[in-house]
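Below is one structure; the comments refer to it alone.
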Amino acid sequence: MGADSTRGATSTGSRNDIPREWIEEFEAAARRPLAKRFRYAFIKTYKPVMDDAPFRAFDTTADYRRWCEENLPSWLGYGRV
Amino acid sequence: MGAFEYRQAEEIRDAFDRHGVRYLFIGKSGAILLGFPDTTQDADLFLDKTPANGRAAVAALRQLAFALLVDEAADIERGKDFVQIKSGPFDVDLIFSPDGIERFEDAWRRHIDVEGFRVCHLDDIIAREATGRAEVRESLPRLRAFREYWLRNSAKSP
């Protein structure tokens, strides 16, 4: 992976071009017990429309993606590339 | 409803084990179990798409107080490709046919056990994320870097 493909990282160099900040983050995470990793990782914020139904099922992943595109506000980030 | 907690992850792990559900954590929640430092909102579970496995998953989820109506349970038993459940103590997505992974059996063969949690191999997690939405794909470079780090450190472990 080259430095040009990274996001939010400013330096490279330690292990085979992995940005140093990322290595530090990976190592810090590895030192934490799993329960603590969970506490830091899982967050909950209300997502309009998405969170307004208790259950949804889609025949295909393509159907799900189409539904997201047609129904969710674009700023939620569920649109296609 | 609050965020998915470790205690709840243990509960779903134990309930799925009791009912013999064949599942794998996938997506960012899977990567986080493997040590990837990032944030996410939901637990994503890849389930083997068989009627028996779907029935077992419904029984386990109901035991965990997910309020599933008859039609909803039937959708899970049929193995609809993508099921989103927000009627329980935490949000969970059930995925029966994730993009980027041919068969559950292949992912199962490669899976990793983390404190009893069955987790997809990072290569499978990355294969699926690479087909995902824009926001998810933006985190791929960091996830691929983590894969390199993780593989190197796994190789060092006894």
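Inter-label distance, A:VAL49 to A:ALA30: 4.2 nm, where each label sits 7 Å from its Cα along the C-beta direction. Residues considered: B:PRO51, B:PRO141, B:PRO98. Largest GNM mean-square fluctuation over chain B, using C-alpha springs under 10 Å, is found at B:PRO141.
Think of segment B:24-158 as having a plus end and a minus end, set by charges on the Cβ of Lys, Arg, Asp and Glu; of B:SER139, B:VAL58, B:LEU68, B:SER139 sits farthest toward the positive end of this dipole.
Shown in residue order for segment B:50-56 are the 3J(HN,Hα) couplings computed by the Karplus curve 6.51 cos²θ - 1.76 cosθ + 1.60 at θ = phi - 60°: 10, x, 5, 5, x, 4, 5 Hz (x for Gly and Pro). Each Lys or Arg adds one and each Asp or Glu takes one away; over the other residues whose Cβ falls under 12 Å from the Cβ of B:ALA127, this sums to -2. The charge dipole of chain B, taken about its Cα centre with unit charges on the Cβ of Lys, Arg, Asp and Glu (plus for the first two, minus for the last two), comes to roughly 360 debye.
What number comes out for the charge environment of B:ALA73, summing +1 per Lys or Arg and -1 per Asp or Glu over other residues with Cβ under 9 Å away? Local net charge: -2.
Across peptide A:43-52, the mean count of Cβ atoms from other chains lying within 10 Å of each residue's own Cβ comes to 3. Rounded to the nearest 20, the Cβ-based charge dipole of the protein assembly as shown about its Cα centre (Lys and Arg +1, Asp and Glu -1) stands at 560 debye.
Estimated purely from DSSP H runs of n ≥ 4, each contributing -39500 (n - 2.57), the mean residue ellipticity at 222 nm for chain B is -15000 deg cm²/dmol once divided by its residues.
Annotation: amide H of B:VAL114 within the under-5 Å range of B:VAL119, sequence separation 5 or more or interchain, hydrogens built in the peptide plane. The loop-placed trypsin sites (Lys or Arg not before Pro) in segment A:45-81, going by DSSP, that have at most 11 neighbouring Cβ atoms within 10 Å of their Cβ come out as A:ARG80.
Residues of B:76-87, mean number of Cβ from any other protein chain within 10 Å of their own Cβ, rounded to a whole number?
5
Projecting the Cα atoms of B:ALA31, A:ALA30, B:ALA3 onto the charge dipole of the protein assembly as shown, computed from C-beta unit charges around the Cα centre, puts A:ALA30 farthest toward the positive end. If the limit is 23 Å between Cα atoms, which of A:LYS44/B:LYS80; A:LYS47/B:LYS28; A:LYS47/B:LYS49 go over it? As for pairs spanning more than 23 Å Cα to Cα, those are A:LYS44/B:LYS80; A:LYS47/B:LYS49. The mean count of C-beta atoms from other chains within 10 Å of the C-beta of residues in A:21-32, rounded to a whole number, is 4.
Bear in mind that the values in this text are calculations on the coordinates, not laboratory data. The shown structure was predicted, so the numbers you read here are calculated from the model rather than taken from an experiment. Quick reminder, even Gly has a Cβ in these numbers, built from the backbone with ideal geometry, and neighbours come from all protein chains shown.
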